Amino acid sequence: MVLGETIQLAHGGGGSLSHQLIEELLVPAFGPADGVLHDAAVLTSPGRRLAFTTDSYVVRPLFFPGGDIGRLSVLGSVNDLAMAAARPVAMSLGLILEEGLAMATLERVVDSIRLAAQECGVPLLTGDTKVVEHGKADGLFINTSAIGVLEHPCSSHPSLVRPGDAVLVSGDLGRHGLAILVSRGELGLRSGLESDLASLQPSVQALLLAGVELHCLRDLTRGGLASAIDEVARAAGCEVELDEEAIPIHPSVAAACDLLGLDSLAMANEGRMLLICPPSAVDQVLNVLRQYRPEAACVGEVMQPLDHASSLRQRHPVSLRNSLGVLQPLEVGRGEHLPRIC
């Protein structure tokens, strides 16, 4: 694939164009030596292992059922650290404000940031504020960076994934994407369902304290489960099979996707994660996860190493088995379903 001449919205949507931009432009310029990306980079310092992450938030609208851009900006970075099995210890905050933004709106967002940081036990130690001309920032953009400490020997990395491993999700999928769709009011949809926005730190820390063997963790944000499992499969060099019937999708999400022609597995989440572990650990993992979300489920299995001679497997390392038992390649969308979702 060749990069186009201009940036498209889909380059930020978590699908194949996002992956292409990252793999063909950003990784060669800035990426790790092994070329394997993670939610947070693990650092080494004298006596302690640290993790560091950064993310920017451009959600529209600023407030949505179950959350807002302020809470999202804190929990998003905290969750990225959780995927590296790290506990947050410090965070920075960058605000890009659009001229004309109501001060009452900013005050509401700042209060939400404060409460979310207190909830997660992470201090905001530094920050920056910029103001741009009217029409240049969709009201408000936020960047947060966070540092965490790894207090357990567990390592979460695609290189640890092995054939035979189980694939699990921590709860039902797609709530955040639906909440954003409904809150825009552009499609006439109605739903009482709220975003799944939540901290993943409690469940991850509980798994670590229980001594569960975890091979890989990924939070399911832009591009949903489809994008995350495709990325992990490629990095691990293994095929993956998912069981469509086992994947927990809320009925409201499934109905909206059927109505609009969207893929429920590509819908955004902000409080759900993908876990890969040995099959012997599945029951223990589910026992912990279901203390937080009863819908947590085992949804698939890691299969044999990728056949590099097969162009189909190279394009689609993940397969989905439907209710009829038919195995089909899992497509990762190229377009942008929901701009401004995170």
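Read-outs throughout are calculated quantities, based only on the coordinates presented, and are distinct from any laboratory measurement. What you see is a predicted model; the values in this text were computed from it and never measured. Counting neighbours? That spans all protein chains shown, and the Cβs are built from the backbone with ideal geometry, glycine included.
One table, with the values for the structure above:
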| quantity | calculated |
| --- | --- |
| Phi-based couplings in Hz for the range 100-116 (Karplus 6.51, -1.76, 1.60; Gly and Pro marked x) | x, 4, 5, 4, 4, 5, 4, 4, 5, 5, 4, 5, 5, 4, 4, 5, 5 |
| Distribution of pairwise C-alpha distances over the range 36-150, 10 Å bins, in % | 15, 45, 29, 11, 2 |
| Exposed GluC sites (Glu not before Pro) absent: longest stretch of the chain, with sites in DSSP loops and at most 10 other Cβ within 10 Å deemed exposed | 187-342 |
| Percent of beta bridges antiparallel (DSSP, the range 46-189, rounded to nearest 5) | 70 |
| Charged-residue dipole, Cβ positions (Lys, Arg, Asp, Glu), the chain about Cα centre, Debye nearest 20 | 460 |
| Separation of alpha-carbon centers, the range 173-229 and the range 102-123, rounded to whole Å | 21 |
| C-alpha center-to-center spacing [the range 33-84, the range 234-269] in angstrom | 23 |
| Check: the range 76-200 dipole with +1 on Lys, Arg Cβ and -1 on Asp, Glu Cβ, in debye | 180 |
| Hz values of 3J(HN,Hα) by residue in the range 169-182 - Karplus curve (6.51, -1.76, 1.60), Gly and Pro given as x | 10, 8, x, 6, 10, x, 4, 5, x, 5, 4, 5, 4, 5 |
| Highest-MSF residue in the chain out of Ile247, Ile113, Ile96 [GNM, Cα springs under 10 Å] | Ile96 |
| Positive dipole terminus of the range 77-174, leading residue within Ser112, Gly171, Gly139 (C-beta point charges) | Gly171 |
